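Engineer: First the structure, then my questions, so here it is.
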Amino acid sequence: MASTQAPHCGLVPHCLWLLGVILLMDVSARPANHSSARERAGNKDEREILPPDHLNGVKLEMDGHLNKDFHQEVFLGKDIDGFEEDAEPRRSRRKLMVIFSKVDVNTDRRISAKEMQHWIMEKTAEHFREAIEESKVHFRAVDPDGDGRVSWDEYKVKFLVSKGHNEQEVVEKIKNGEELKVDEETQEVLENLKDRWYQADNPPSDLLLTEDEFLSFLHPEHSRGMLKFMVKEIVRDLDQDGDKRLSLPEFISLPVGTVENQQGQDIDDSWVRDRKKEFEELIDANHDGIVTMAELEDYMDPMNEYNALNEAKQMIAIADENQNHHLEPEEVLKYSEFFTGSKLMDYARNVHEEF
């Protein structure tokens, strides 16, 4: 957190506030597709039926990397794609002030930790509703007979077709119990998916997924049992000594790539700093230097209100230049890159022009 006092003009906060209120309705509708850029990459058919690597509003990616978009996701919600780098800066600043006015429930032109916590929970619920609607569409894609239940074999056919296999040939081989010839990577993915499929199949297990169970398969954050499974998978990948817990060295050892030059070294140093801070300040709840599965599960749970309050305090601390434990309009604008992923203005140079 910066410790220097930012210069203030008495009119600036008031003007910023009025700008946000006046333009409350002057925000364009969100694009139809507002998923993460990582989710939009790759083959469309495969993407629709595969569990995404990236889950909006969840702190870690499925591979154990930090979700670099987390703060933007829980601050912007479904408006996250409205702040692209090439968007018109003035309009983006106005939209940001509209969001500020919505977070500031008591309209005192300051955002408190409680107000930010409430907003984070609201935006997370928004991501949940979005995932449910998308899952319904994808469920219909893998439920060809429309009976409301999908077998592993039905899903397997759709997955292999998305990989370029002939559907009729796959169906015939599965029906006759014949071996399917797939490459080693595809076979490994199939085995992991099958394990996840069985985990999503609620008792009594029938190896058929309903629409709700399929949602848990695609989005483990919607099910406590699947959230536990996701945590086990992450711990398994990072745990080097087999004690089913994570030490700090284990958590920061996930390789970024070979360091070949100073730029690569800077990236690796940044990687270590980010993960060390996350481990010590947020994941390791009792600060004993060890993260248990229970601690990681609490940290990963997007609907954990205590975590949301901690996140709110962390987000405020990033931009709280006057150290009053609140966010004010000019602070949110100055730190727009943190809140939106885009630098919307050179604050020192443009604040006068804007107001």
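The values are calculated or read from the model by the stated rules, or taken from the named source; none is laboratory data. No experiment lies behind these values; they were computed from the predicted model shown. Reconstructed Cβ throughout: ideal geometry from the backbone, glycine too, with neighbour counts over all protein chains shown. For the accessible areas, the whole protein counts, side chains as well, though only heavy atoms, and no ligand, DNA or RNA atoms are used. Shrake-Rupley method; radii C 1.70, N 1.55, O 1.52, S 1.80 Å.
Engineer: Which fully enclosed helices (runs of 4 or more DSSP H) of segment 303-355 have 3 or more residues being at pLDDT below 95 and open to solvent by 30 Å² or more (accessible area, probe 1.4 Å)?
Structural biologist: Hits in segment 303-355: 305-319, 347-354.
Engineer: Let me ask something else about it. Does V150 satisfy the condition of being aliphatic (A, V, I, L, M) and over 25 Å from the mean Cα position of the chain (by Cα)?
Structural biologist: yes
Engineer: Still on this model: Does segment 201-218 hold any residues that are hydrophobic (A, V, I, L, M, F, W, C) and in a helix (DSSP H, G or I), and which are they?
Structural biologist: Once the filter is applied, which keeps residues that are hydrophobic (A, V, I, L, M, F, W, C) and in a helix (DSSP H, G or I), segment 201-218 yields F214, L215, F217, L218.
Engineer: Would you pick out the residues in segment 219-251 that are assigned to a helix (DSSP H, G or I), of a type in the set (A, V, I, L, M, F, W, C) and touching a Leu at 6+ places or on another chain (Cβ under 8 Å)?
Structural biologist: Selection gives V231, I234, V235, L238, F251.
Table: residues versus (1) closer than 29 Å to H222 by Cβ; (2) open to solvent by 90 Å² or more (accessible area, probe 1.4 Å); (3) of a type outside the set (S, T, N, Q).
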site: V157; (1), (2), (3): yes, no, yes
site: K163; (1), (2), (3): yes, no, yes
site: E184; (1), (2), (3): no, yes, yes
site: K194; (1), (2), (3): yes, no, yes
site: Y198; (1), (2), (3): yes, yes, yes
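Engineer: From the list D288, D269, D274, D237, which residue is among the charged types (D, E, K, R), open to solvent by 50 Å² or more (accessible area, probe 1.4 Å) and at pLDDT 95 or above?
Structural biologist: Of the residues listed, the single one that is among the charged types (D, E, K, R), open to solvent by 50 Å² or more (accessible area, probe 1.4 Å) and at pLDDT 95 or above is D288.
Engineer: Look at T124 and say whether it is polar (S, T, N, Q), modelled with pLDDT of 90 or more, out of contact with any His (no Cβ under 8 Å at 6 or more places or on another chain) and open to solvent by less than 10 Å² (accessible area, probe 1.4 Å).
Structural biologist: yes
Engineer: In segment 102-112, which residues are assigned to a helix (DSSP H, G or I) and surrounded by fewer than 18 Cβ atoms within 10 Å (Cβ to Cβ)?
Structural biologist: Matches in segment 102-112: K102 only.
Engineer: If you don't mind, another one. Can you name the residue in segment 50-89 that is modelled with pLDDT of 90 or more and assigned to a helix (DSSP H, G or I) and, of all such residues, is nearest to E133 (Cα to Cα)?
Structural biologist: The qualifying residue nearest to E133 (Cα to Cα) is G77.
Engineer: If you scan segment 80-101, which residues turn out to be open to solvent by 50 Å² or more (accessible area, probe 1.4 Å) and in contact (Cβ under 8 Å) with a residue 24 or more places away in the chain?
Structural biologist: If the condition is that a residue be open to solvent by 50 Å² or more (accessible area, probe 1.4 Å) and in contact (Cβ under 8 Å) with a residue 24 or more places away in the chain, then E84, E85, P89, R90, R94 are the ones that fit.
Engineer: Going through segment 131-190 one residue at a time, which ones are among the small types (G, A, S) and in contact (Cβ under 8 Å) with a residue 12 or more places away in the chain?
Structural biologist: A131, S135, A141, G148, S151, S162
Engineer: From the list S162, S112, S92, S151, exactly one residue is at pLDDT 95 or above and among the polar types (S, T, N, Q). Which is it?
Structural biologist: That would be S112, the only listed residue that is at pLDDT 95 or above and among the polar types (S, T, N, Q).
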